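The values are calculated or read from the model by the stated rules, or taken from the named source; none is laboratory data. Just so you know, these numbers come straight off a predicted model, no measurement behind them. As a convention, Cβ positions derive from the backbone with ideal geometry for all residues, glycine included, and neighbour counts pool all protein chains shown. Surface accessibility is based on the protein's heavy atoms, side chains included, excluding ligands, DNA and RNA. Shrake-Rupley method; radii C 1.70, N 1.55, O 1.52, S 1.80 Å.
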Amino acid sequence: MKNRNLLMIPGPIEFDPAVLSAMGAPTTSHLAPNFVEAFGQALERTRQIFQCPDGQPFVLAGTGTLGMDAACANLVEPGDRALVVNTGYFGDRIGVILERYGAQVTHVKAAPGGHPGLDEVETALKAGGYKVMTVTHVDTSTGVLADLAGLAALGQRYGALVVADGVCSVAGEDLRMSEWGVDVAFTASQKAVGVPPGLALLVAGPRALAAFKARKTPAGSYYADWGNWLPVMEAYEARKTAYFGTPAVNLVFALNVSLGQILQEGLQARFARHARISRAVKAGIAALGMGQVPLSDAIAAHTMTAPRFPAGVNGADLLPQVSQAGVTLAGGLHAAIKNEYFRIGHMGAVSLGDALATIGAIETALAACGYAFQPGAGLAAAQKAYLA
Ligand code: PMP
């Protein structure tokens, strides 16, 4: 008996055994040669995963929220204007962080499940004077995927630094920092990067670093100040040591293993695998008569799915039944629709088997809740979509 459920929430996810075994190795000194090599390599690989050859990677002990905090603390000075392209809970959060560092924040928002049009964002940018524009690549509260390439191009055109929250996207959705003009992107280890929670990964492009170096006031956060971490990251990448705060040694070893696996799979192959699994899950959900939070397929993420509870099923009953059937899923997060939907994460090492187990567990749970449907319909549709 495994005696544990399949973990299909939008992070933390199921981790590869090689990654977990790296976590469990005896902890070395953060100055030990094997750690210096692993950290240096992990930094080089981070730059590759973010598709930002001229970017500066930062790997910090903390969560995805530290990535948000670092981006805002280092780019914003009191009085700066910031535009938040807001598709849910994490857009709201970055707005609060920007304000904490003294920014005047404007949100361009859509209804839950929607995405503001490029024209609306352009109108806002035209009003002028934005130093920073933030985009949540995939808002985990809605499963909405932003047109980051289109938005970044607009940000660049109007002179705003483009910040992408890639916590639910990096290594699962294509995010081309350099090519698209994204100045800062960040993620957290526990999502598509495939490492247990505890690391924030951030890459700052040349424009962002120049803006940081041109600050008139110190960064508003001591721990997140790039000035403290830059010499450390540069040293380890040069296979030397430097100290500001003790690195999360075991997590960094695990990160290097996972990043190696990601690059071995190949980024484009990995994105295609995520898209294929996503199509299978979404087809299974649709065949069971459930809608989804994203208003169209074109703006639906490939790293997660946000199904709406079907009519007649009490949402509070369904997820415990799914868990009983062996799969752990997540409830709603967006305050306005919290009790109307649930969330399935399918990223990282996710396989067709995981997707089918999930759809199967949902079918079992729907039956237990007395919902009328054709048993097996979700599984058949998922397999058909996967093979299509
Ligand atoms: N942004 C997004 C899009 C997220 O999904 C999350 C976590 N769910 C965060 C930021 C915050 O990350 P963490 O929980 O690791 O602080």
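Please list 3J(HN,Hα) in residue order for the range 165-179, calculated via the Karplus relation 6.51 cos²θ - 1.76 cosθ + 1.60 where θ = phi - 60°; whole Hz, with x for glycine and proline.
Result, ordered by residue: 7, x, 4, 9, 10, 3, 6, x, 10, 5, 9, 9, 3, 5, 4 Hz.
Please report the accessible area of Val350 (heavy atoms, 1.4 Å probe, ligands and nucleic acids excluded) in Å², nearest 10.
10
Which helices pass in the chain if a helix is a full DSSP H run, must span at least 18 angstrom along its long axis by Cα, and must have mean Kyte-Doolittle hydropathy not below 0.5?
249-265, 352-368
Convert each backbone phi in the range 187-200 into a coupling constant with the Karplus relation 6.51 cos²θ - 1.76 cosθ + 1.60 (shift: θ = phi - 60°), then list the ³J(HN,Hα) values in order as whole Hz, x for Gly and Pro.
Residue by residue, the range 187-200 yields 8, 10, 5, 7, 9, 5, 5, x, 10, x, x, x, 10, 9 Hz.
If each DSSP helix of 4+ residues adds -39,500 (n - 2.57) and the sum is divided by the residues in the chain, what number results at 222 nm, nearest 500 deg cm²/dmol?
My calculation for the chain gives -13500 deg cm²/dmol from helical runs alone.
Excluding residues fewer than 8 places away in the same chain, name every one of the aspartates and glutamates whose C-alpha is closer than 17 Å to that of Lys384.
Qualifying aspartates and glutamates at Cα under 17 Å: Asp354, Glu363.
Any number yet on Rg/Rh for the range 277-388, C-alpha, Kirkwood?
Value, to two decimals: 0.92.
Given H placed on each backbone N at 1.01 Å, which residues far from His346 in sequence or on other chains put an amide H within less than 5 Å of it?
Met304, Thr305
For the range 17-264, with every protein chain kept in place, what is the accessible area per residue (1.4 Å probe, Å²)?
With the other protein chains kept in place, the range 17-264 gives 35 Å² per residue.
If amide H atoms are built 1.01 Å from N in the plane of the peptide, which residues on other chains or at least 5 residues away come under 5 Å of the amide H of Ala204?
Gln56, Phe58
Report in % the part of the accessible area of the range 17-264 that belongs to carbon and sulfur, leaving out ligands and nucleic acids; probe 1.4 Å.
With neighbouring chains kept in place, the figure for the range 17-264 is 56 percent.
Computing the accessible area with a 1.4 Å probe over protein heavy atoms, can you report the carbon and sulfur percentage for the range 267-387?
56
Leaving out ligands, DNA and RNA but keeping every protein chain, what accessible area does Lys338 have, in Å² rounded to the nearest 10, with a 1.4 Å probe?
Here the accessible area works out near 100 Å².
Scan around Gly331 for amide H atoms under 5 Å from its own, H built in the peptide plane at 1.01 Å from N, and keep only partners 5 or more places away or cross-chain.
Under 5 Å from the amide H of Gly331 lie the amide H atoms of Arg343, each far enough along the sequence or on another chain.
How large is the direction-averaged shadow of the alpha-carbon convex hull of the chain, in nm²?
Projected over every direction and averaged, the Cα hull of the chain covers 18.6 nm².
Classify the range 94-134 as rounded, prolate or oblate from the Cα gyration tensor: take a ≥ b ≥ c as the square roots of its eigenvalues, call it rounded if a/c is under 1.5, otherwise prolate when a/b beats b/c and oblate if not.
Because a/c hits 1.5 or more and a/b fails to exceed b/c, the range 94-134 counts as oblate.
Which order do the peptides 8-16, 227-235 come out in when sorted by mean C-beta neighbours inside 10 angstrom, highest first?
Highest-to-lowest ranking by the protection proxy: 8-16, 227-235.
Which value results when the Cα radius of gyration for the range 179-257 is divided by 2.2 N^0.38 Å?
Against the empirical 2.2 N^0.38 Å value, I get 1.20 for the range 179-257.
When ligands, DNA and RNA are left out and all protein chains stay put, how many square angstrom of accessible area per residue does the range 267-387 have with a 1.4 Å probe?
Heavy-atom SASA per residue in the range 267-387 reads 40 Å².
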